[in-house]
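The values are calculated or read from the model by the stated rules, or taken from the named source; none is laboratory data. Treat the numbers as computed from the prediction; the structure is a model and nothing was measured. Virtual Cβ from ideal backbone geometry, glycine too; neighbours counted across all protein chains shown. Accessible surface areas use protein heavy atoms only, side chains included; no ligands, DNA or RNA. Shrake-Rupley method; radii C 1.70, N 1.55, O 1.52, S 1.80 Å.
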Amino acid sequence: MTSSGDRSQAVDVQEPKTYEVRTYGCQMNVHDSERLSGLLEGAGYVRAPEGSDGDADVVVFNTCAVRENADNRLYGNLGRLAPMKTKRPGMQIAVGGCLAQKDRDTIVKKAPWVDVVFGTHNIGKLPVLLERARVQEEAQVEIAESLEAFPSTLPTRRESAYAAWVSISVGCNNTCTFCIVPALRGKEKDRRTGDILAEIEALVGEGVSEITLLGQNVNAYGSDIGDREAFSNLLRACGRIEGLERVRFTSPHPRDFTDDVIAAMAETPNVMPQLHMPLQSGSDPVLKAMRRSYRQDRYLGIIEKVRAAIPHAAITTDIIVGFPGETEEDFEQTMHVAREARFSAAFTFQYSKRPGTPAATMENQVPKEVVQARYERLVALQEQISWDENKKQVGRTLELMVAEGEGRKDGATHRLSGRAPDNRLVHFTKPGQEVRPGDVVTVEVTYAAPHHLLAEGAVLEVRRTRAGDAWEKRNAAEAPKPAGVMLGLPKIGAPEPLPVATGSGCGCD
């Protein structure tokens, strides 16, 4: 006869299922992955341990359709998971994001071991689709043609305790000839201002001290109701939220960048002196062919106004080299704008055809070798400008928000890293006292490199913050900490401006 104690030992305690999310592409995808993680955890899944590399019960790919090799990259990764899935009965693979929205049934045809395919408009369905695929033992492909629920209404697992994305709109109404994103993300849809501010206030209450307002065309906010000053009013409203120390936004469009936005940036203390303003090309004929609604004079006029109102602003940009029909004279106009604008950094891309875009079928495609040569010239110019602009920071005293995981060599150099108000990355000498991500330190810049600054002297001041408290609380609660979401280019919190990149950028702003 078995005792009650023996019976209790015989109970099979089922371990919770693990998940892993792999994210590629823009900030919208990064933020969507926070939602996907929140949905899965709400359904009882836990994050896979660090270094699992696909050894999870559920692996989710949140894809991007912009880069030239997006398809190959996805199917290559799916192929590597196929033998793992064969060895692990019950393992599931899901594919979402822009490439899923575009390819739909093609994904399951090319990779029949995929269990779920979902699009950009119905990310909230992921747990249901996974369960349905498990019960029915067949792939579930569900692509919604319009937004089912604004992403911010979904559960979220924030990747940072001190900095957060806040989506203010989704979709895009522009018709740029090189960009497929509007076709995949849909028409622009704005959130109610009250909902946005309520989310920000809730985040601040949890310890967040920096937020980044996020939209495919962020400063077009309010256009669906005809309020052209809605975005500047939103910035000013953020300035009235107690405890919110830093406000950023990405990405604006030159067409909608009005004087009231510049005034709001200059007059609202917690709006940071940082601006990412996509250029794409400095040539008026190319801008026209791209169906961009501004020209070189308009663009440089915006830069001039921003610098007049915010002298220390760091301005970054997106540039596409080799758009169909681009002549040497056109390219020289792009070089001219780079010299005049003095960007602190640029996301520089070589044009590549994207099926489904008007530009893909345009005549006068520029030969690859010509694009490469121009690209290298632009990168060399921008590298020098970035270095020169960084040298101007030497001797300045800056307040840095201490960052997590942004200094790859910090351990070896006994340094920490942080972001200046203008979002420049600064590595600083580790002080004797404890400093946590989210805390604020005051340092003096002593050295400039093209893509970062150094503060090699002693830290002048350390300010412990509620954001640092929040990081410490989360870190203690999650120790040992599970693996983070595998991200693409951007990092959580303030977007990190990468100086150059290859391939075809989103350029949808």
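Below, the figures for the structure above:
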{"item": "Tensor-based shape of the stretch 404-450 (alpha-carbon gyration tensor, a/c under 1.5 rounded, otherwise prolate or oblate)", "result": "rounded"}
{"item": "Share of Cα-Cα pairs in the chain lying beyond 46 Å, as whole percent", "result": "12 percent"}
{"item": "Bridge type composition, the chain - antiparallel percent by DSSP, nearest 5", "result": "30 percent"}
{"item": "Under 15 Å, Cβ to Cβ, from GLY42 - net charge with Lys/Arg +1 and Asp/Glu -1", "result": "+3"}
{"item": "Heavy-atom accessible surface of the stretch 188-268: percent carbon and sulfur, 1.4 Å", "result": "44 percent"}
{"item": "Pairs of Cα atoms farther than 16 Å apart, the stretch 242-300, %", "result": "52 percent"}
{"item": "Inverse mean reciprocal Cα-Cα distance (Kirkwood Rh) of the stretch 168-314, Å", "result": "16.0 Å"}
{"item": "Alpha-carbon centroid distance for the pair the stretch 368-388 / the stretch 232-281, whole angstrom", "result": "29 Å"}
{"item": "Formal net charge of residues neighbouring ILE385 (Cβ-Cβ distance under 10 Å; K, R +1; D, E -1)", "result": "-1"}
{"item": "Under 19 Å from the Cα of LYS110 - lysines, other chains or at least 8 residues apart", "result": "LYS85, LYS102"}
{"item": "Eligible lysines near LYS430 by straight Cα distance, threshold 18 Å, same-chain separation 8 or greater", "result": "LYS409"}
{"item": "The chain - percent relative contact order, Cα under 8 Å, separation 6 or more", "result": "16 percent"}
{"item": "Heavy-atom accessible area per residue - the chain, 1.4 Å, Å²", "result": "42 Å²"}
{"item": "The stretch 48-117-the stretch 171-219 distance, computed between alpha-carbon centres (Å)", "result": "27 Å"}
{"item": "In Hz, Karplus ³J(HN,Hα) per residue of the stretch 208-220 (6.51, -1.76, 1.60; θ = phi - 60°; x = Gly, Pro)", "result": "5, 10, 9, 10, 10, 6, 10, x, 4, 9, 4, 8, 7"}
{"item": "Surface share of carbon and sulfur [accessible, 1.4 angstrom probe, percent] for the stretch 20-107", "result": "47 percent"}
